[in-house]
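For reference, the structure is listed below as structure tokens.
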Amino acid sequence: MSDCIFCRIIAGEIPSPRLYEDEKMIVIRDINPQAPMHLLLIPKEHYPNIAEMTAKQATTLARCLRTFAKLADGFGLSGGFRIISNKGADACQTVNHLHIHILGGEKLSENMNCSPDLPI
Ligand code: AMP
Ligand code: ZN
């Protein structure tokens, strides 16, 4: 998908240092971090979101998450981390290539600050 920014990063057309890479995924830093440590786990295969994910892609994603979990301490996430995957307009998904946000590096908000209309 030549118009997909994450496919272009995976292809090396857009420079983005990889904290980890294997045959199924890359892990990069989010360019607009929302926590001291904000990583993106991006499967190399292009599909839009978890609602349009095949069973095979789901199996691959689960394996990628297991791999990441084993590496997390090495990324400075030994205190814990939160994972998020936005799907669609209400979730403000901006890149239609499935990716998992990984947030940590400090104690995160208990309420996740997800709705602008709810009190913090
Ligand atoms: P989402 O809104 O869930 O689709 O998340 C897309 C994320 O990709 C946002 O958090 C952006 O900051 C991030 N992003 C966009 N372009 C880049 C890039 N070139 N390198 C790293 N992260 C990016
Ligand atoms: Zn893509």
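The values are calculated or read from the model by the stated rules, or taken from the named source; none is laboratory data. Quick caveat: nothing in here was measured; it's all calculated off a predicted structure. Counting neighbours? That spans all protein chains shown, and the Cβs are built from the backbone with ideal geometry, glycine included. For accessibility, only protein heavy atoms count, side chains too; no ligands or nucleic acids. Shrake-Rupley method; radii C 1.70, N 1.55, O 1.52, S 1.80 Å.
Report the net charge of residues surrounding Asp22, where surrounding means a beta-carbon distance below 14 angstrom and charges are Lys +1, Arg +1, Asp -1, Glu -1.
+3
Any lysines with Cα under 26 Å of the Lys24 Cα? List them, leaving off those in the same chain fewer than 8 positions away.
Lys44, Lys56, Lys70, Lys87
Just to confirm a number: summing +1 for Lys and Arg and -1 for Asp and Glu over residues other than Pro36 whose beta-carbon lies under 12 angstrom from that of Pro36, what do you get?
Within the 12 Å Cβ shell, the charges total 0.
Would you tally the net charge around Thr67, using a Cβ to Cβ cut-off of less than 10 Å, leaving Thr67 out, and scoring K and R as +1, D and E as -1?
Counting the neighbours of Thr67, the net charge comes to +3.
Carbon and sulfur: what percent of the chain's accessible surface (1.4 Å probe)?
Answer for the chain is 53 percent, counting heavy atoms of protein chains only.
Under Stokes-Einstein, with the Kirkwood radius over Cα pairs standing in for Rh, what whole-number D in µm²/s applies to the stretch 68-120 at 37 °C and 0.692 mPa s? All intermediate terms of the calculation are to be shown ahead of the outcome.
Working: Rh = 12.9 Å.
So the translational diffusion coefficient is about 254 µm²/s.
Taking θ as phi - 60°, what are the ³J(HN,Hα) couplings along the stretch 92-108 by the Karplus curve (6.51, -1.76, 1.60), each to the nearest whole Hz, with x for Gly and Pro?
My calculation for the stretch 92-108 gives 6, 5, 10, 10, 8, 9, 3, 8, 10, 6, 10, 10, x, x, 6, 6, 7 Hz in order.
With +1 assigned to the C-beta of every Lys and Arg and -1 to the C-beta of every Asp and Glu, and no other charges, what is the dipole magnitude of the stretch 5-104 about the Cα centre in debye, to the nearest 20?
Values: 11 positive and 9 negative charges, 37 e Å.
Magnitude of the dipole: close to 180 debye.
Which Cα, out of Ser109, Gly79, Thr67, lies furthest along the positive dipole direction of the chain (beta carbon charges, K/R +1, D/E -1)?
Thr67
Can you list the HN-Hα couplings for the stretch 24-32, worked out from phi with the Karplus curve (6.51, -1.76, 1.60; θ = phi - 60°), rounded to whole Hz and with x for Gly and Pro?
10, 7, 10, 10, 10, 7, 5, 6, 10
Once phi is turned into θ = phi - 60°, what whole-Hz ³J(HN,Hα) does the Karplus curve with 6.51, -1.76 and 1.60 give for every residue of the stretch 69-75, x standing for Gly and Pro?
Karplus-based 3J(HN,Hα) across the stretch 69-75 equals 4, 6, 8, 4, 4, x, 8 Hz.
Within the stretch 39-120, which GluC sites (Glu not before Pro) sit in a loop by DSSP and count at most 15 neighbouring Cβ atoms inside 10 Å?
Sparse-neighbourhood loop GluC sites (Glu not before Pro): Glu106, Glu110.
Counting only heavy atoms of the protein chains, get the accessible area per residue of the chain (1.4 Å probe) and round it to a whole Å² value.
Using a 1.4 Å probe on heavy atoms only, each residue of the chain averages 64 Å².
Given only helices, namely DSSP H runs of n ≥ 4 each adding -39500 (n - 2.57), what is the per-residue ellipticity at 222 nm of the chain, to the nearest 500 deg cm²/dmol?
Counting only the DSSP helices, I get -6000 deg cm²/dmol.
Can you tell me the convex hull volume per residue for the chain, based on C-alpha atoms, in Å³ to the nearest whole number?
Numbers: hull volume 14.0 nm³, N = 120.
Cα-based convex hull of the chain, divided per residue, equals 117 Å³.
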